[in-house]
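Enquirer: Quick one: this structure, given as structure tokens, is what I'll be asking you about.
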Amino acid sequence: MQSLDLHGLKIGVVIPAYRVEKHIAQVIRGIPQQIRTIIVVVDASPDRTRSVVEELADPRVTLLVHERNQGVGGAMVTGFKEALRQELDIVVKMDGDDQMDPVHLPRLLAPLLAGECDMTKCNRYSSLGSLKQMPIIRVIGNTGLTFLVKLASGYWNTFDPANGYIALRTPVLERVDLDALPRRYFFESGFLIELGIQRAVVQDIAAPARYGDEKSSLSVTKTLFEFPPKLVYGFLRRIFWRYFVHDFSAVSLYLLLGLPLVLFGVGYALWWVGSHAGDATVAPAGDVMMSAMPIILGVQLLLQAAALDIQTAPSRPIAPPLRRRESEQTRIPPRTHLQ
């Protein structure tokens with residue numbers, strides 16, 4: 001952190017905490033002293049997580065407690081709202097299980113301080129050494145998930161979407177409906193989709209994770225069955241808002257022409273087969289062309305739309321330039337409350 005000039009800026013870390021009594025103290029102690037705000041959201045944790053945080057008595061910590069478990073997404077929504085209340089300039093998400101090494105904080109913050117992007121995100125796939133540290137089941141699962149999230153969010157230039165080690169400018173949060181964000185483990189992917197709708201610029205930062213004795217409570221089976229439908233819905237939302245509400249471009253035109261052509265060609269083929277079921281009639285060339293040509297043209301238009309979507313990934317940050325305060329403002333007092 002010594003290489004970054006944080007003077008006049010308010011930067012904080014949000015930590016969603018659930019069943020992390022063995023790790024939370026080490027996580028908080030590991031955050032550099034230059035970070036003067038730490039928001040810990042204890043998500044109805046049944047262990048001593050809350051007590052451990054209170055016993056640390058770190059003056060930087062704002063402790064928020066959920067009476068009912070709301071998942072990592074619910075905890076982050078509470079933390080984000082508190083970050084906005086405290087008027088932070090940049091907020092960092094770090095989990096309470098000590099997998100996210102604070103040594104990477106300078107590289108996460110640097111592009112934000114330079115005004116290059118709206119959010120930075122760690123990428124554990126940056127090198128072969130990083131992959132070797134990851135359990136094989138996570139490598140396989142994240143590889144498939146990555147493509148689906150790219151498609152849904154429009155961030156074709158990013159990888160490792162399940163990585164929750166992120167930093168972002170708080171003005172971006174003001175443009176997102178926080179209460180509509182996913183509350184459980186779909187939070188990271190759902191948040192990327194919302195940022196894609198807003199056209200925020202996201203940049204990957206190479207950073208391996210640390211794996212110790214902590215156990216992931218994310219079920220592989222639930223991910224396989226629950227994530228794809230949500231990603232399809234997210235994809236449709238992004239396309240609607242991006243190309244038919246916020247803008248109307250060549251992609252919009254290609255979609256409006258290509259999709260009906262494909263549907264007509266497939267529908268005509270199914271109608272012809274259904275109407276001639278049970279007989280040996282050979283389809284005339286005209287009927288074949290009535291089905292094949294719309295499908296061919298439609299697919300070509302949809303492929304062109306996909307190519308343009310990939311080429312037009314967000315490149316201009318939506319957050320305004322950082323403005324450093326001439327003198328540090330009085331820190332909004334921390335609070336502990338129940339939700």
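The values are calculated or read from the model by the stated rules, or taken from the named source; none is laboratory data. Please read these numbers as outputs of a predicted model, since none were measured by experiment. Cβ sites come from the backbone with ideal geometry, for glycine too, and all protein chains shown count toward neighbours.
Enquirer: For region 153-199, how many residues meet the condition of being closer than 19 Å to TYR18 by Cβ and of a type in the set (Phe, Trp, Tyr)?
Expert: Summing the residues that are closer than 19 Å to TYR18 by Cβ and of a type in the set (Phe, Trp, Tyr) in region 153-199 gives 5.
Enquirer: Restricting to region 60-88, name every residue that is part of a loop (DSSP other than H, G, I, E, B) and either small (Gly, Ala, Ser) or touching a helix residue (DSSP H, G or I) at 6+ places or on another chain (Cβ under 6 Å) (or both).
Expert: Scanning region 60-88 gives a single hit, LEU88.
Enquirer: Assuming PRO32 fulfils every condition listed in (1) at pLDDT 95 or above; (2) surrounded by fewer than 22 Cβ atoms within 10 Å (Cβ to Cβ) apart from one, which condition is it?
Expert: Of (1) at pLDDT 95 or above; (2) surrounded by fewer than 22 Cβ atoms within 10 Å (Cβ to Cβ), only one is false for PRO32: (1).
Enquirer: I would also like to ask the following. Mind listing just one residue for me: the one in region 307-339 that is surrounded by fewer than 16 Cβ atoms within 10 Å (Cβ to Cβ) and of a type in the set (Gly, Ala, Ser) and, of those, modelled with the highest pLDDT?
Expert: Going through the qualifying residues, I end up with ALA307.
Enquirer: Restricting the search to region 220-261, which residues are among the hydroxyl-bearing types (Ser, Thr, Tyr), in contact (Cβ under 8 Å) with a residue 40 or more places away in the chain and assigned to a helix (DSSP H, G or I)?
Expert: Residues satisfying the conditions are THR223, TYR254.
Enquirer: Go through region 142-162 and report how many residues are in contact with a strand residue (DSSP E or B) (Cβ under 6 Å, 6 or more places away or on another chain), buried (at least 21 other Cβ atoms within 10 Å of the Cβ) and either within 13 Å of LYS93 (Cβ to Cβ) or hydroxyl-bearing (Ser, Thr, Tyr) (or both).
Expert: Number of matching residues: 1.
Enquirer: Turning to a different aspect of this structure: Quick check on region 57-66. Is at least one of its residues surrounded by fewer than 19 Cβ atoms within 10 Å (Cβ to Cβ), modelled with pLDDT under 95 and within 24 Å of ASP179 (Cα to Cα)?
Expert: Scanning region 57-66, I find no residue that is surrounded by fewer than 19 Cβ atoms within 10 Å (Cβ to Cβ), modelled with pLDDT under 95 and within 24 Å of ASP179 (Cα to Cα), so the answer is no.
Here is a yes/no grid of residues against (1) surrounded by 16 or more Cβ atoms within 10 Å (Cβ to Cβ); (2) part of a strand (DSSP E or B); (3) outside the structural domain of LEU88 (by TED's automatic domain parsing):
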site: VAL20; (1), (2), (3): yes, no, no
site: ALA25; (1), (2), (3): yes, no, no
site: VAL40; (1), (2), (3): yes, yes, no
site: ASP47; (1), (2), (3): no, no, no
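Enquirer: Moving on. If I filter region 106-138 down to residues being assigned to a helix (DSSP H, G or I), at pLDDT below 90 and not charged (D, E, K, R), which single residue comes out as surrounded by the most Cβ atoms within 10 Å (Cβ to Cβ)?
Expert: Only one residue fits best here, namely SER130.
Yes/no matrix, rows are residues, columns are (1) without any contact (Cβ under 8 Å) to a residue 60 or more places away in the chain; (2) of a type in the set (A, V, I, L, M, F, W, C); (3) not in a loop (DSSP other than H, G, I, E, B):
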{"residue": "LEU263", "(1), (2), (3)": "yes, yes, yes"}
{"residue": "GLY267", "(1), (2), (3)": "yes, no, yes"}
{"residue": "VAL282", "(1), (2), (3)": "yes, yes, no"}
{"residue": "MET290", "(1), (2), (3)": "yes, yes, yes"}
{"residue": "MET293", "(1), (2), (3)": "yes, yes, yes"}
{"residue": "ILE310", "(1), (2), (3)": "no, yes, yes"}
{"residue": "ARG316", "(1), (2), (3)": "no, no, no"}
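Enquirer: Moving to a separate point now. Looking only at region 263-282, filter to residues that are surrounded by 14 or more Cβ atoms within 10 Å (Cβ to Cβ) and over 22 Å from PHE244 (Cβ atoms); which one of those is farthest from the chain's Cα centre (by Cα)?
Expert: In this case the residue turns out to be TRP272.
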